[in-house]
1. Filter the range 111-161 down to the residues that are of a type in the set (Phe, Trp, Tyr) and open to solvent by 60 Å² or more (accessible area, probe 1.4 Å), then identify the one that is nearest to Glu80 (Cα to Cα).
2. What are the residues in the range 93-128 that are touching a residue at least 40 places away in the same chain (Cβ under 8 Å) and of a type outside the set (Asp, Glu), if any?
3. Which pairs turn up if I take residues in the range 144-161 that are over 15 Å from Met123 (Cα atoms) and look for partners that are of a type in the set (Lys, Arg) and open to solvent by 60 Å² or more (accessible area, probe 1.4 Å) with beta carbon separation below 7 Å, at least 6 apart in sequence or on another chain?
4. Is there a residue being farther than 30 Å from Asp16 by Cβ and at pLDDT 95 or above anywhere in the range 44-55?
5. Using beta carbons and a limit of 8 Å, which pairs, at least six apart or on different chains, have the first residue in the range 40-69 and within 19 Å of Glu137 (Cα to Cα) and the second one surrounded by 16 or more Cβ atoms within 10 Å (Cβ to Cβ) and of a type in the set (Asp, Glu)?
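The values are calculated or read from the model by the stated rules, or taken from the named source; none is laboratory data. Note that the structure is a prediction, hence the values are computed from the model and not measured. Cβ: placed from backbone, ideal geometry, glycine included. Neighbour counts: every protein chain shown. Side chains included, ligands, DNA and RNA excluded: accessible areas come from the protein's heavy atoms. Shrake-Rupley method; radii C 1.70, N 1.55, O 1.52, S 1.80 Å.
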Amino acid sequence: MHSKIFQITETKVAKDNYLNENTLEQGDGNYYDYCSEIDDNERKLHITNLVDNILPKGMFVLVEADVIRYNGGADKWKEEFVAGINEMAKAITTDNCTLWVGAVYQLEKYLKNPLNTGYQFYMDEQGCSYHAEQSYEFLRTVSQLEPGTLLYIGGVIDYNF
């Protein structure tokens with residue numbers, strides 16, 4: 001399956017430091033089967049999809065082609081996240097706690113990826129990290145920002161998982 005990785009940072013990333021198909025470890029035993037560049041039209045489509053459909057409604061707005069503004073809303077997201085954890089934890093029983101795709105597995109997936117998306121987030125401004133994060137790490141980082149903070153989108157690449 002394919003999805004996208006977004007480089008999103010608090011400072012504008014120089015083109016030389018954009019996430020690209022060679023930034024992340026790939027291949028056997030590494031994080032991604034492979035990564036590849038995407039064209040500008042596909043990049044714009046996925047940035048718009050990220051802001052309009054994937055991220056919590058109203059939390060972000062696209063202000064330029066490569067700039068999103070955090071509008072606030074982390075407190076509401078945290079409340080919903082914790083409520084989701086509690087609800088999922090209630091579903092865990094002694095009968096299903098060891099099932100391969102049972103309630104524990106579903107809770108684990110939710111903890112790592114509360115947005116339930118294949119999109120991943122690369123927040124390294126210098127391009128030194130070898131992997132991206134699922135949605136929890138991005139939202140955890142965002143929850144520490146002040147409303148009005150601008151975030152810059154650097155590289156957006158395709159990956160296979």
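1. First, pick out the residues of the range 111-161 that are of a type in the set (Phe, Trp, Tyr): 119, 121-122, 130, 136, 138, 152, 159, 161.
Checking which are open to solvent by 60 Å² or more (accessible area, probe 1.4 Å) leaves us with 130, 136, 161.
On the way: Tyr130: 31, Tyr136: 13, Phe161: 28 Å.
The extreme case among them is Tyr136.
2. Start the filter on the range 93-128 by keeping residues that are touching a residue at least 40 places away in the same chain (Cβ under 8 Å), which leaves 115, 117-127.
Passing the criteria: Leu115, Thr117, Gly118, Tyr119, Gln120, Phe121, Tyr122, Met123, Gln126, Gly127.
3. Gly148/Arg69
4. Our first condition is that a residue be farther than 30 Å from Asp16 by Cβ; within the range 44-55, this holds for 53.
Cutting the leftovers down to at pLDDT 95 or above gives us 53.
Scanning the range 44-55 turns up at least one residue that is farther than 30 Å from Asp16 by Cβ and at pLDDT 95 or above.
5. Sorted first by the residue in the range 40-69, then by its partner, the pairs are Ile47/Asp66.
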